[in-house]
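One structure below.
The values are calculated or read from the model by the stated rules, or taken from the named source; none is laboratory data. Everything numeric here is computed off the predicted structure, so don't read it as measured data. Note: ideal-geometry Cβ built from the backbone for every residue, glycine included; neighbour counts use all protein chains shown. The protein model used for the area step is the full one, side chains on, heavy atoms only, and it has no ligands, DNA or RNA in it. Shrake-Rupley method; radii C 1.70, N 1.55, O 1.52, S 1.80 Å.
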Amino acid sequence: MALEARLRLPLAGPTPATAFLSGSNPKPSHISFSLKPASTSLSAANAPPPIVVVGSANADIYVEVDRLPLVGETVAASAGHSLAGGKGANQAACGGRLALGPTYLVARVGDDANGRLLEGALADAGGVRLDRVARAPGAPSGHAVVMLMPDGQNSIIIVGGANMEGWAPEVDQEDLDLIRQAGVLLLQREIPDWVNIQVAQAAKGAGVPVILDAGGMDAPVPRELLELVDIFSPNETELARLTGMPTETFEQISQAAGACHKMGVKEVLVKLGSQGSALFVEGEEPIRQAIIPATEVVDTTGAGDTFTSAFAVALVEGKPKKECMRFAAAAASLCVGVKGAIPSMPDRETVMSLLESVQAE
């Protein structure tokens with residue numbers, strides 16, 4: 001399928017972050033993250049390599065309800081509105097706000113009003129390079145219905161649209177060249193598995209770490225894809241679905257993570273909601289991270305994407321794994337206080353301020 005021409009922007013970034021992929025780390029005694037410079041003139045020699053997100057972009061239709069409808073029932077929403085979202089767009093927006101180096105999104109949107117909504121929202125989010133976002137003629141933009149409950153929890157139905165139908169049979173060579181220069185490649189499961197496999201192969205061949213967020217399709221993850229992934233990041237529900245094992249206790253989660261290791265994934269980063277997160281590196285003791293409590297929980301829609309992206313930001317900067325998890329926990333804590341996924345993404349200074357305040361307690 002022909003895709004329209006896009007603006008070409010220069011790539012940036014030195015050596016990928018492969019050296020940071022193995023080993024557990026002690027809890028840091030101080031915050032070692034630097035502030036994001038006010039000027040964008042940070043030289044390529046000093047900036048971390050780019051974060052590349054290949055994934056979905058959706059127009060999220062939010063409806064606020066007291067409860068989910070029963071089968072055959074109609075319920076009234078107290079409010080409704082449209083916001084930009086999709087796991088790929090969410091993670092790119094978060095990276096754009098947190099990363100010292102550039103963040104690129106590789107995605108497909110429709111040539112329609114929702115596509116323009118998505119492009120505008122990502123441009124407004126700041127820090128996301130959009131020259132690899134293409135409009136796919138003949139396919140509508142992906143969209144989702146987000147049913148938001150008063151406690152901030154949600155249920156989501158997605159319509160793939162251009163996310164699933166807008167890709168050419170072979171991923172563009174320029175997209176693959178960009179991926180080979182990345183510090184990390186972030187993937188999710190709201191685009192075809194064959195696209196994820198092609199881009200993961202390119203990353204693997206160039207020594208670029210691959211993080212796969214399990215969110216999206218509820219179909220089994222192809223073994224071919226899992227074997228290309230360095231860090232697999234499910235929540236406990238997704239982990240149970242993938243492995244067919246219970247995940248109600250930490251011991252059960254540990255055993256399910258071990259099953260993932262046997263499938264070829266060396267590291268499993270599990271998001272545990274109110275119980276925090278845990279990183280299971282094959283052959284090592286788990287690294288656990290408690291949540292950093294949020295002042296107020298308004299909307300949890302983008303929390304998992306914020307966590308995964310913030311973890312990747314810290315990883316590219318060469319931080320120890322425990323520190324990556326703390327940075328991610330702080331970012332996720334801040335994002336649940338604002339309605340909408342992309343609007344809720346925190347900036348770097350706010351995350352650092354929260355980490356400093358927590359450390360001072």
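Where the Cα atoms of segment 156-302 are projected onto their three principal axes, how long is each span, largest first, in whole Å?
43, 38, 29
For segment 55-204, what value does the Rg/Rh ratio take when both radii are computed over Cα atoms and Rh is the Kirkwood radius, given to two decimals?
A ratio of 1.01.
Tell me the per residue accessible area of the chain using a 1.4 Å probe; a whole number in Å² is fine.
Heavy-atom accessible area per residue stands at 41 Å².
What does the extension gain come out to for ASP124 and GLU285, with contour length at 0.36 nm per residue minus their alpha carbon separation?
This chain segment gains 53.8 nm when fully extended.
Relative contact order (percent) for the chain, with alpha-carbon contacts under 8 angstrom and 6 or more residues of separation?
Relative contact order comes out at 20 percent.
Report the dimensions of segment 117-199 along its three principal axes from the alpha-carbon atoms, largest first, rounded to Å.
So the extents along the principal axes, rounded to whole Å, are 45, 28, 23.
When the Cα atoms of segment 100-165 are enclosed in a convex hull and the volume is divided per residue, what value in Å³ results?
That works out to 112 Å³ per residue.
Which one, CYS94, CYS260, CYS335, has the greatest fluctuation when you compute a Gaussian network model over the chain with C-alpha springs under 10 angstrom?
Largest GNM mean-square fluctuation: CYS260.
Can you tell me what the convex hull of the Cα atoms of segment 266-361 projects to on average, as an area in nm²?
6.2 nm²
Per the Cauchy relation, a quarter of the hull surface: what is the mean projected area of the convex hull of the alpha carbons in the chain, in nm²?
So the Cα hull casts an average projection of 17.6 nm².
Please list ASP347, ASP131, ASP124 from largest to smallest accessible area, probe radius 1.4 Å, with all protein chains kept in place.
Largest accessible area first, the residues go ASP124, ASP347, ASP131.
Divide by every residue of the chain the summed helix terms, -39500 (n - 2.57) for each DSSP H run of at least 4, and state the resulting mean residue ellipticity at 222 nm, rounded to the nearest 500 deg cm²/dmol.
Value at 222 nm, helices only: -9500 deg cm²/dmol.
In whole percent, and with a 1.4 Å probe on the protein chains, what portion of the accessible area of the chain is carbon and sulfur?
With neighbouring chains kept in place, the figure for the chain is 55 percent.
Looking at the chain, what % of its DSSP beta bridges pair antiparallel, to the nearest 5?
Taking every DSSP beta bridge within the chain, about 40 percent pair in antiparallel fashion.
Just the accessible area for VAL171, please: 1.4 Å probe, Å², rounded to the nearest 10?
That residue has around 10 Å² of solvent-accessible surface.
So what is log10(I(q)/I(0)) for segment 161-220 at q = 0.25, 0.27, 0.29 1/Å, when the Debye sum runs over its Cα atoms only?
Values returned for q = 0.25, 0.27, 0.29 Å⁻¹ are -1.10, -1.20, -1.28.
For PRO150, what is the net charge nearby, where nearby means another residue's Cβ is under 10 Å from its Cβ and Lys, Arg count +1, Asp, Glu -1?
-2
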